[in-house]
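In what follows, a structure is listed as structure tokens, so that the remarks can point back to it.
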Amino acid sequence: MNRRFIIITIIAMTIALIGLMGIQIYWIQSASAIKEANFRRSVNEAMVKVIQKIEHIEKAKSMRAGQDERVLSFSRHLPYDSILSLPELDSLIRLQLNIRGVDTRYEFCIYKPERQEFLMERSSVFRKELIEKGNAFVLFQSDIYSSPEYLLIYFPREKQFLLTELWGMLLISIILIIVIVYSFTYTITIIFRQKRLSEMKNDFINNMTHEFKTPISTISLACEALGDKDLRGSSDMLENYISMIRDENRRLAGMAEKILQTAVIDKGQLKMNMEKTDLHEIIQSVIRNLRIQVEIKDGEIIRNFMASRSRIEGDKVHITNLVYNLLDNANKYSPRKPAIRIHTENVSNGIVLTIEDNGIGIGKAEQKKIFDKLYRVPTGNIHEVRGFGLGLSYVKAIVDEHHGKISVESEVNKGTKFKVFLPFVIKE
Ligand SMILES: Nc1ncnc2c1ncn2[C@@H]1O[C@H](COP(=O)(O)OP(=O)(O)O)[C@@H](O)[C@H]1O
Ligand SMILES: [Mg+2]
């Protein structure tokens, strides 16, 4: 799968997702519009009914009071509080609203705009809202003798009420969208991780082939030479070729060992042989092995053993390899005059070993990955420095086995500093 295809898929998927969300939002919006229209209609119907009732009662009461029926149909004769009490009006409104499924808090009043007078009201808290945002219904519409009076009704929690009816739908939509977005990003990260892994594997195989080729061809040349009868006479030559074969063979074995070891780590079969081990001694022996390689490049190894207690519980062989890998890297990735500083110090429950170089450094983004198996900081297609990208993952595995910690600080072109903490004793 190439990069372009992945990117196109991501874009297509993103567009599809956005489209889906758009449709979803549109549906919810229209559903909420319908809900709102229904709500308005129910309120209207309820209030028309309430007003009819009020007018009806007024008529009956004033007739009983002996008013002329001819005039009656046009005007209001009684003050509102003698038509019906506030609780009566309240329960009338509640009944009519409830019948129509409007089950939310409401405020109402009877208002005469001409005199800005509240003829009836439950409380004066919502006056402003009632006038500005309330639904108004004219009372005694046919009364042509006096200025209009309104029954105002206001729902303080109207938005929430309409939303609660929709929240189920909204919630499900949101959950579905989250699930889709999550699985999508997860899939994409997996694809990229797989891709990176396969690239690294390719790199590894290329590297390995390269590394194995040189000793193999050297050995085969040496063997050919040994087969030559003319050469057999000179024992110097013989000795020379044999030592050549021995050296190259050792190199091959070392490389094979390295690769096998990672396979062992992978399977979790790393066997530790924990014993009292002197870290300073180990460092000394590794320095002895590496000194020549550093000095060839006109570099130096500076040690500063500050730890007064240097014996820890650990596996001699693996810790030697650990130190070797770190020092080898410090040397390998310092192209000019390596200055490798080795520092140890005691902390309360163990030793901190610091290995610092003045080499090419590692970028911030790469620092997180260098402990991954097969990872090598990309430097374009060609690597000036050979390696399998296994060293640091091995180091990390060993540090973990010893219940220690490893961290890296680095700045590109300035240098790199690895800090390893190893405890005196390994607690289970
Ligand atoms: N001291 C260092 N300075 C700069 N880069 C380093 C250093 N140590 C490790 N690296 C980077 O981390 C990568 C992984 O290191 P490692 O696992 O030892 O693999 P290898 O040395 O075989 O490439 C290296 O390829 C290199 O890019
Ligand atoms: Mg290495």
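The values are calculated or read from the model by the stated rules, or taken from the named source; none is laboratory data. Every value quoted in this text rests on a predicted model; they were computed, and no experiment measured them. For neighbour counting, all protein chains shown are included, and Cβ atoms are generated from backbone atoms with ideal geometry for every residue, glycine included. Accessible surface is based on the protein model in full, side chains and every heavy atom, while ligands, DNA and RNA are left aside. Shrake-Rupley method; radii C 1.70, N 1.55, O 1.52, S 1.80 Å.
Does residue 427 fit the bill of being open to solvent by 70 Å² or more (accessible area, probe 1.4 Å), away from ligand 2 (no atom under 16 Å from the Cβ), touching a residue at least 24 places away in the same chain (Cβ under 8 Å) and among the charged types (D, E, K, R)?
Yes: the conditions hold for residue 427.
Filter segment 342-358 down to the residues that are touching a residue at least 60 places away in the same chain (Cβ under 8 Å), open to solvent by 60 Å² or more (accessible area, probe 1.4 Å) and either within 33 Å of the chain's Cα centre (by Cα) or within 16 Å of residue 323 (Cα to Cα) (or both) and list them by number.
356
Please specify each residue of segment 250-283 satisfying the condition of being over 20 Å from residue 207 (Cβ atoms) and open to solvent by 60 Å² or more (accessible area, probe 1.4 Å).
Those that are over 20 Å from residue 207 (Cβ atoms) and open to solvent by 60 Å² or more (accessible area, probe 1.4 Å): 267, 268, 269, 271, 273, 274, 275, 276, 281.
Taking segment 344-395, which residues are among the small types (Gly, Ala, Ser) and away from ligand 2 (no atom under 13 Å from the Cβ)?
Once the filter is applied, which keeps residues that are among the small types (Gly, Ala, Ser) and away from ligand 2 (no atom under 13 Å from the Cβ), segment 344-395 yields 348, 350, 361, 363, 365, 380.
When the residues of segment 324-340 are narrowed to those that are open to solvent by 10 Å² or more (accessible area, probe 1.4 Å) and near ligand 2 (Cβ under 9 Å from one of its atoms), which ends up nearest to residue 379 (Cα to Cα)?
My answer is 333.
Only residues in segment 359-387 that are open to solvent by less than 40 Å² (accessible area, probe 1.4 Å) count as the first member; pair them with residues that are modelled with pLDDT under 85, Cβ under 6 angstrom, at least 6 apart or cross-chain, and list the lot.
Qualifying pairs under 6 Å: 374/200; 374/204.
Looking at segment 87-123, which of its residues are touching a residue at least 12 places away in the same chain (Cβ under 8 Å) and assigned to a strand (DSSP E or B)?
Listed by number, the residues that qualify are 107, 108, 109, 110, 111, 112, 119, 120, 121.
Could you tell me which residue of segment 135-158 is nearest to residue 56 (Cα to Cα), considering only residues that are outside any strand (DSSP E or B) and under 49 Å from the mean Cα position of the chain (by Cα)?
The qualifying residue nearest to residue 56 (Cα to Cα) is 155.
Residue-wise test of (1) open to solvent by 80 Å² or more (accessible area, probe 1.4 Å); (2) under 60 Å from the mean Cα position of the chain (by Cα).
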site	(1), (2)
212	no, yes
222	no, yes
227	no, no
230	yes, no
234	no, no
238	no, no
241	no, yes
246	yes, yes
